[in-house]
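Data block below; observations after.
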Amino acid sequence: MLRYLLLASICLLFQQLSAQSVTDLEGQLANATTSSEKLNLNYQLAELYLSQGNEDKAIEYSNTAIELAKGNNEVLLVSS
């Protein structure tokens with residue numbers, strides 16, 4: 001049962017990520033005020049670019065997210 005709940009949560013998260021466009025997320029990033037918001041949006045943009053096959057942009061945004069995480073002493077959970 002827990003596996004199904006986890007799978008449903010992951011599917012819902014993926015749906016939310018794909019529902020937002022790059023333009024929407026970049027606009028949110030431009031208006032983000034906290035480093036946590038910026039970290040989260042950079043991570044979402046990296047995931048979205050990766051799903052679109054744009055590895056260069058995905059790496060760019062993921063590297064920014066990593067640097068923000070290091071600055072905040074936060075841990076990034078990365079799915080494989």
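Structure notes:
- Each residue of the stretch 21-38 was assigned a 3J(HN,Hα) from its phi angle through the Karplus expression (A = 6.51, B = -1.76, C = 1.60, θ = phi - 60°), giving 8, 4, 4, 4, 5, 5, x, 5, 5, 5, 9, 5, 10, 9, 5, 5, 4, 5 Hz with x at Gly and Pro.
- Calculated from backbone phi, Karplus (6.51, -1.76, 1.60) coupling profile of the stretch 43-48 in Hz, x at Gly/Pro: 5, 5, 5, 4, 4, 5
- Gain on full extension, evaluated as 0.36 nm per residue between Ser51 and Glu67 minus their Cα-Cα distance, stands at 3.6 nm.
Every number in this text was worked out from the coordinates using simple rules, so none of it is lab data. Since the model is a prediction, treat every value here as computed from it, not as a measurement.
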